[in-house]
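Student: Sharing a structure with you now.
The values are calculated or read from the model by the stated rules, or taken from the named source; none is laboratory data. Owing to the predicted nature of the structure, the values given are computational and were not obtained by experimental measurement. Glycine also receives a Cβ, built like all others from the backbone with ideal geometry; neighbour counts cover every protein chain displayed.
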Amino acid sequence: MENKKVIFSGMQPSGSLTLGNYLGALKNWVKLQSEYDCYYCVVDMHAITVPKEPKDLRKNTLEVLANYIAAGIDPEQVTLFIQSHVSAHAELSWVLNCFSYFGELGRMTQFKDKSKKLDNNSIPAGLFTYPVLMAADILLYQADLVPVGEDQRQHLEITRDIAQRFNNRFSETFKVPDPFISKDGAKIMSLQDPTSKMSKSDSNENAYIILMDDADTIRRKLKRAVTDSEGVVRYNDNQPGVKNLINIYSKITDKTTDEIAALYEGKGYAQFKDDVAEVIIGELKPIQEKIDYLLKNKDYLEKIYVHGAEKAEAAARKTLRKVYKKVGFIPRY
Ligand code: AQP
């Protein structure tokens, strides 16, 4: 345990986890758990940076936790917790806000994308400072590595900048983390607009598959998936819809994209889409059975997140104490 490198990662309960979250990140988390000292978190504080119904947030938070465990995260092996249960995240975030710059935060693509969808007078400041909270999440645990999808690389860069800035100002305090983007961590794209990523908060339900979608829903969404008029199953950038479906198929079956294209030579999109649907259904079936079981056993989930928060708290407080001392706050005891 002592010598293992530390990993931190989290997902927002801003909806139910999608196939994108699973293939782009969660599957990889499972592979890493025995080799690293992993802190995996449900980042509920991030989820309120855009308007969110409280009852949906409560439901999604437990669902995400159940999704993690059902996908193979072992609560005995990793520290599994809910972000708002460890107040050090909010506390460090405030300090780091004072070491982050307006200009650098304004350049974040996620902020630009999400704020575009809101009226200018109703963009929450929390959406703007989201990357600072993410920096606090990671730096609290002195993480060496942060496994994320390609879409989160920019936020990792700003975390590194903030950590280095703080270290330069006050002496070595934070480990400067590296992104850990798996080579095969292809970005899974929306089924309705294959030029933008599959997102759980997409307003169009047909754009994503959630881990809890039943077989008929998956078949229906695949049938409606946007492709093109070429009619040939080929892996190239001019056919982003087909390319995305090949990527999904490939990541689940471990077949190469060339093998898949060869398999469908001379066959149309209908057969291909049906098969992709069946591959997804097969992959999700055992996970769905576990999710079902876990959501009926909320006491078990509670034990896990209470224990996880205790473990996380101990590590987080150590870093926070150091930070408070460095910036000049007077210790209470
Ligand atoms: N489409 C995707 N393909 C590959 N990886 C993805 N991730 C998200 N979408 C894809 C990875 O999943 C992790 C969880 O990220 P998050 O919940 O913190 O926020 P996100 O990246 O903003 O995910 P969503 O689903 O798009 O959420 P909303 O809609 O709320 O913004 C990250 O590691 C991410 O890289």
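Student: Mind checking which pairs have a first residue in the range 94-114 that is touching a residue at least 60 places away in the same chain (Cβ under 8 Å) and a second that is among the charged types (D, E, K, R), Cβ under 6 Å, 6 or more apart or different chains?
Tutor: Listed by first residue and then by second, the contacts come to Phe99/Arg165.
Student: How many residues are touching a Cys at 6+ places or on another chain (Cβ under 9 Å) and of a type in the set (S, T, N, Q) if we restrict to the range 111-143? Before you say what the answer is, go through the steps one by one.
Tutor: Within the range 111-143, the first condition is being touching a Cys at 6+ places or on another chain (Cβ under 9 Å), and the residues that meet it are 137.
Restricting the remaining residues to those that are of a type in the set (S, T, N, Q) gives none.
Result for the range 111-143: 0.
Student: Looking only at residues that are among the hydrophobic types (A, V, I, L, M, F, W, C) and touching a strand residue (DSSP E or B) at 6+ places or on another chain (Cβ under 9 Å) in the range 30-54, which one is nearest to the ligand (Cβ to nearest atom)? Show your work before the answer.
Tutor: Filtering the range 30-54 for residues among the hydrophobic types (A, V, I, L, M, F, W, C) gives 30, 32, 38, 41-43, 45, 47-48, 50.
After this cut, where a residue has to be touching a strand residue (DSSP E or B) at 6+ places or on another chain (Cβ under 9 Å) as well, the list is 32, 38, 41-43.
Values: Leu32: 12, Cys38: 14, Cys41: 10, Val42: 9, Val43: 6 Å.
So the residue we want is Val43.
Student: Looking at the structure I just gave you, is Asp214 acidic (Asp, Glu) and either modelled with pLDDT under 95 or in contact with a helix residue (DSSP H, G or I) (Cβ under 6 Å, 6 or more places away or on another chain) (or both)?
Tutor: Working: acidic (Asp, Glu): yes; either modelled with pLDDT under 95 or in contact with a helix residue (DSSP H, G or I) (Cβ under 6 Å, 6 or more places away or on another chain) (or both): no.
The answer is no for Asp214.
Student: Tell me, which helices (runs of 4 or more DSSP H) lie completely within the range 72-127 with 1 or more residues that are modelled with pLDDT of 95 or more? Step through it out loud before you land on a result.
Tutor: Details: elements: 88-97, 102-106, 109-116.
Passing ranges, in order: 88-97, 102-106.
Student: Which of the residues spanning the range 195-208 are away from the ligand (no atom under 11 Å from the Cβ) and either within 17 Å of Ala25 (Cα to Cα) or assigned to a loop (DSSP other than H, G, I, E, B) (or both)? Don't jump to the end; show me each part of the working.
Tutor: Looking only at the range 195-208, we keep the residues that are away from the ligand (no atom under 11 Å from the Cβ), and these are 195, 204-206.
Within the range 195-208, Thr195, Asn204 qualify.
Student: Which residues, taken from the range 136-186, are assigned to a loop (DSSP other than H, G, I, E, B), in contact with a strand residue (DSSP E or B) (Cβ under 9 Å, 6 or more places away or on another chain) and modelled with pLDDT of 95 or more?
Tutor: Tyr141, Gln142, Ala143, Asp144, Lys175, Pro177
Student: Can you report the number of residues in the range 5-41 which are part of a strand (DSSP E or B), touching a residue at least 60 places away in the same chain (Cβ under 8 Å) and in contact with a helix residue (DSSP H, G or I) (Cβ under 7 Å, 6 or more places away or on another chain)?
Tutor: 6
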